[in-house]
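I have placed the structure first, in the form of structure tokens, so that the comments after it can refer back to it.
Read the figures in this text as sums done on the coordinates, not as results from a lab. On a predicted model such as this, the values are computed, not experimentally measured, just so you know. Here the Cβ positions follow ideal geometry from the backbone for every residue, glycine too, while neighbour counts run over all protein chains shown.
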Amino acid sequence: MDLATLEPVPDLLRRVRSELAASFATDKPLRVARAPGRLDVMGGIADYMGSLVLEMPLQVAAAVALQERDDRQIQVFSFNLLDDHRPFQFQVPLDALAKPLDELRRDLDAPGRQWAGYAVGPLAVLHDEGLIDVAKLDRGFNLAILSTVPEGGGVSSSAALEVAAMNAFVGHFDVQPLVDDPVRLAALCQKAENQVVGAPCGVMDQIASHMGQAGMLLKILCQPHEVQGTLPLPDGVVAVGLNTAVKHAVGGGAYGKTRTAAFMGHRLILDEMRKLGEAGGKTMTGDPTDGYLANLDPDDYKQLFRPRLPETLAGAAFLDQFDSHNDPATTIDPAETYHVQAAVDHHVLEAQRVRRFADFLERLDHHGRDKALRSAGHLMYASHKSYTDNAGLGAAEADLVIEHVKQHEPAGLFGARITGGGSGGTVAVLLEDAPSAWSAIDVIQEAYKSRYDQALTLLRDSSPGAAETGSHVVG
């Protein structure tokens, strides 16, 4: 597929040439890379606890144009952020990217600067990994960014930008080890978001944006990042997103608090496992869950461990008992109270829901088409309810969409759920690719507009991930 024809590359190239001619030399080539947003059909935040997740790349995408400068500065231009109707600019010395990542994060942790971490963070990570030496570079870069991925829409606007930028740098420096190892490339994009931007995301977004295939569900077992191939949707069935326009942030308080509570619960369960082993005359060595709540049998959890988990636990009380919750991406606040039992409920049972969802789609003939699709849809509803009741990441606007999907099931709608980090963003819907179903989607959009005076935007099409399209030098 021709990268230059994919959204939003043509528009980015046009705008660079027409609006940034003073910074980008017209007689020098540009390197362009592009990465799509993703629709989280099942799995969501359970990625950081080792769940299987099912992700589909979207048509909306981020694109980056790179060109060398004559000095050792990096100048970033964002067409998505405007300053007096001109592209927002951010400049940083190349040597700043050779600092330890925590120092760079502090440098960028200021209003008007943090967004640039998504674009320059991948270069800093390449340096940190020893794949390039920033200190030895003679020239800096101009970077221009244009994204059609809804910001805060729960469809990985940040991962799309990181992956596009990383592919531009990898192509420019010919970092062949990352071309040969797309999973590692995606993991380094996650490292940029975790350590440069400071957002505690899992890895599914970056893998889906980089390795996704158009129209397919990418199966990722997040232990930590095993790609298990693709899962085609059944003939005549599609997955789409409905963006509520309620912005969420993975770096926001609710997401981080739920993640922290889940890791606290995991540590408590391991302690209970040790005690049960000792009571039976056995010494537990290592972690029977291999580090992930997704590996805990749901029945064992319900019978043996859930009754021993506190519903709530103060951070200070946990730290009095344990030195750490074993999560490098979050910090326990001693003054905070965490809903431990509910967070663990979500992660253990969500992992089971995703496995069952995949089984229904993979063995459609065995289960019967209609029964399998209805059952898969009901698992999406259950996931949505758990996001709200257990993970604390629901949104009233998403609830309204879900209720309307349920009402229109006879038209060919099977199920729906809030996606990604929750707390707003986009709702994923599984439906028949039929006129009656699309008419129902139109009705739902109209009802949402009437209730909230806000458009419910349909994210319908899919496109290839960045690993398939790569980066290219143009003109």
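Charge dipole of the chain (Cα centre as origin; +1 on each Lys and Arg Cβ, -1 on each Asp and Glu Cβ, all else neutral): 320 debye, rounded to the nearest 20. Restricting the range 251-345 to trypsin sites (Lys or Arg not before Pro) that sit in a DSSP loop and have at most 15 other Cβ atoms within 10 Å of their own Cβ leaves LYS282.
Here the convex hull built on the C-alpha positions of the range 45-117 has a volume of 170 cubic angstrom per residue.
Ranking PHE77, VAL237, ALA358 by how far each Cα lies toward the positive end of the dipole of the chain (charges on Cβ) leaves VAL237 at the top.
Evaluated at 25 °C with a viscosity of 0.890 mPa s, what Stokes-Einstein diffusion coefficient in µm²/s does the range 297-377 have when Rh comes from the Kirkwood expression over alpha-carbon pairs?
Numbers: Rh = 15.3 Å.
Result for D is 160 µm²/s.
Rounded to whole numbers, the Karplus 3J(HN,Hα) couplings from phi for the range 373-384 are 5, 5, 5, 4, x, 5, 5, 5, 4, 5, 4, 4 Hz, using 6.51 cos²θ - 1.76 cosθ + 1.60 with θ = phi - 60°, and x at Gly and Pro. Residues in the range 122-134 carry Karplus couplings, in order, of x, 5, 4, 5, 4, 5, 4, 7, x, 7, 9, 10, 4 Hz; the curve used is 6.51 cos²θ - 1.76 cosθ + 1.60 with θ = phi - 60°, and Gly or Pro positions show x.
Would the range 46-187 count as rounded, prolate or oblate if I go by the C-alpha gyration tensor, calling it rounded below 1.5 in a/c and otherwise prolate when a/b exceeds b/c, oblate otherwise? Oblate, since a/c reaches 1.5 and b/c is not below a/b. With respect to the chain, whose longest principal axis is taken over its alpha-carbon atoms, helix 157-173 is tilted by about 50°. Placing pseudo-labels 7 Å out from each Cα toward the beta carbon at GLN73 and ASP271 gives an inter-label distance of 5.4 nm.
Taking 0.36 nm per residue of separation and subtracting the Cα-Cα distance, full extension of the segment from GLU409 to VAL474 would add 18.7 nm. Counting only Cα atoms, the chain measures 71, 57, 40 Å along its principal axes, largest extent leading. With the largest listed first and rounded to whole Å, the semi-axes of the equivalent ellipsoid of the range 144-270 from the Cα gyration tensor are 23, 20, 18.
For ALA279 and ALA455 in one chain, what is 0.36 nm times their gap in residues minus the Cα-Cα distance, to one decimal in nm? Provide the component values of the computation, followed by the final result.
Numbers: separation 176, 0.36 × 176 = 63.36 nm, distance 5.86 nm.
Full extension of this stretch gives 57.5 nm more.
Put a dot 7 Å past the Cα of ASP11, heading toward its Cβ, do the same for GLU446, and the two dots end up 2.8 nm apart.
May I have the count of lysine pairs in the chain with C-alpha atoms under 27 Å apart, counting pairs 8 or more residues apart or located on different chains? For the chain, qualifying lysine pairs total 27. Working ranking of peptides 135-148, 181-194 by packing, defined as the average number of other Cβ atoms within 10 Å per residue, highest first, is 181-194, 135-148.
Diagonalising the gyration tensor over the Cα atoms of the range 322-474 and scaling each eigenvalue by 5 before taking the square root yields semi-axes of 30, 21, 20 Å, largest first.
Among residues other than LEU218 with Cβ under 9 Å from its Cβ, the summed charge is +1 (Lys and Arg +1, Asp and Glu -1). Placing unit charges on each Cβ (+1 for Lys and Arg, -1 for Asp and Glu) gives the range 1-74 a dipole about its Cα centre, and among VAL41, VAL53, LEU3 the Cα reaching farthest toward its positive end belongs to LEU3.
When you count the other C-beta atoms within 10 angstrom of each residue and take the mean per peptide, 320-327, 34-41, 435-442 line up highest first as 34-41, 435-442, 320-327. Each residue of the range 21-37 was assigned a 3J(HN,Hα) from its phi angle through the Karplus curve 6.51 cos²θ - 1.76 cosθ + 1.60 (θ = phi - 60°); the sequence is 4, 6, 10, 9, 5, 6, 9, 10, x, 10, 9, 10, 9, 8, 9, x, x Hz, with glycine and proline shown as x.
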